[in-house]
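Worksheet for the structure shown next.
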């Protein structure tokens, strides 16, 4: 067992919460191991005045951390799984996926109690094309405006009256103690979440058998099945932050149900489908759903975007 484990982390409050949470789990599991954090600034943290879709997709919040992993500066990294590309740099792997927290998208407003209550033309803030497309599909009258920054910055912009409501991941709000700001979780029938939303991913070097073995206890098997299915679907479609794709897999016992959408940017077209089967076939089922949806119109929707 290693005497010291170094965790690479972004500097946002949410990233630090997540890394400290995993550090606490490691210290409890391995009392004789020293666990330290190294704060790293990523491209996504530096560029805050441009929509995410315009500066690249997934990887914006991971590249610099992964460089430190590969160089041996840190032993592991803690990420929001929804920020992770489906293809990792050679030499790195996701060695653990933690038990999933609240998977939904939170409706946050100082004026209204639910998405359904929003008046005609209401201004809604989100940085996610996935959310924008689905919200416009349900309510074409809405004005969707880009919203960047960390959780506290986004809440401040709402409090300053720049938006009638904002949409954030419920898990992030709850982890930072802002659960009371959630007026409602938007139903999945209106807005399917991002791939991996609510789960934490632990990344390390593929050939570091010692660290991988130490991290194995963090895996939550139902979450691993569910998120493997979601990432398989996303990987088949080759979609990132710049493509409106939503997918959610739910595991009950030895069964899994996967529901997904592919949407036009303006929400004018939304393709939705589901598949069910054995949880042990999670990856194959996710890929099968992706192929089916591409054949049934998804390819045309994506071609108009990419």
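Remarks
- Hey, residue 152 more than 30 Å from residue 229 (Cβ to Cβ) and modelled with pLDDT under 95 or not: yes
- The test for being outside any strand (DSSP E or B) and either free of Cβ contacts under 8 Å to residues at least 60 places away in the same chain or out of contact with any helix residue (DSSP H, G or I) (no Cβ under 8 Å at 6 or more places or on another chain) (or both) holds for residue 188.
- Within region 3-24, the set of residues being surrounded by 15 or more Cβ atoms within 10 Å (Cβ to Cβ) and out of contact with any strand residue (DSSP E or B) (no Cβ under 8 Å at 6 or more places or on another chain) comprises 12, 13, 17.
- Residues in region 197-214 that are part of a loop (DSSP other than H, G, I, E, B) and within 22 Å of the chain's Cα centre (by Cα): 197, 198, 199.
- Checking residue 40 against (1) buried (at least 19 other Cβ atoms within 10 Å of the Cβ); (2) at pLDDT 95 or above, the condition it does not meet: (2)
- Within the set 137, 77, the sole residue that is in the same structural domain as residue 25 (by TED's automatic domain parsing), crowded, with 16+ Cβ neighbours inside 10 Å and in contact (Cβ under 8 Å) with a residue 12 or more places away in the chain turns out to be 77.
- Residue that is surrounded by the fewest Cβ atoms within 10 Å (Cβ to Cβ), among those in region 211-223 that are touching a residue at least 24 places away in the same chain (Cβ under 8 Å) and over 14 Å from residue 93 (Cα atoms): 217
- Hey, residue 155 touching a strand residue (DSSP E or B) at 6+ places or on another chain (Cβ under 9 Å), in contact (Cβ under 8 Å) with a residue 24 or more places away in the chain and surrounded by fewer than 21 Cβ atoms within 10 Å (Cβ to Cβ) or not: yes
- Check on residue 89, surrounded by fewer than 22 Cβ atoms within 10 Å (Cβ to Cβ), without any contact (Cβ under 8 Å) to a residue 40 or more places away in the chain and outside the structural domain of residue 169 (by TED's automatic domain parsing): yes
- Residue count, region 248-263 (criterion: in contact (Cβ under 8 Å) with a residue 60 or more places away in the chain and over 15 Å from residue 128 (Cβ atoms)): 2
- Failed item in (1) modelled with pLDDT of 95 or more; (2) touching a strand residue (DSSP E or B) at 6+ places or on another chain (Cβ under 7 Å); (3) closer than 25 Å to residue 131 by Cβ, with residue 216 passing the rest: (3)
- Residues satisfying the stated conditions in region 5-43, i.e. touching a residue at least 40 places away in the same chain (Cβ under 8 Å) and part of a strand (DSSP E or B): 5, 6, 7, 8, 9
The values are calculated or read from the model by the stated rules, or taken from the named source; none is laboratory data. What you see is a predicted model, and the numbers here were worked out from it, not measured in a lab. With ideal geometry, Cβ positions are generated from the backbone for all residues, glycine too; neighbour counts draw on all protein chains shown.
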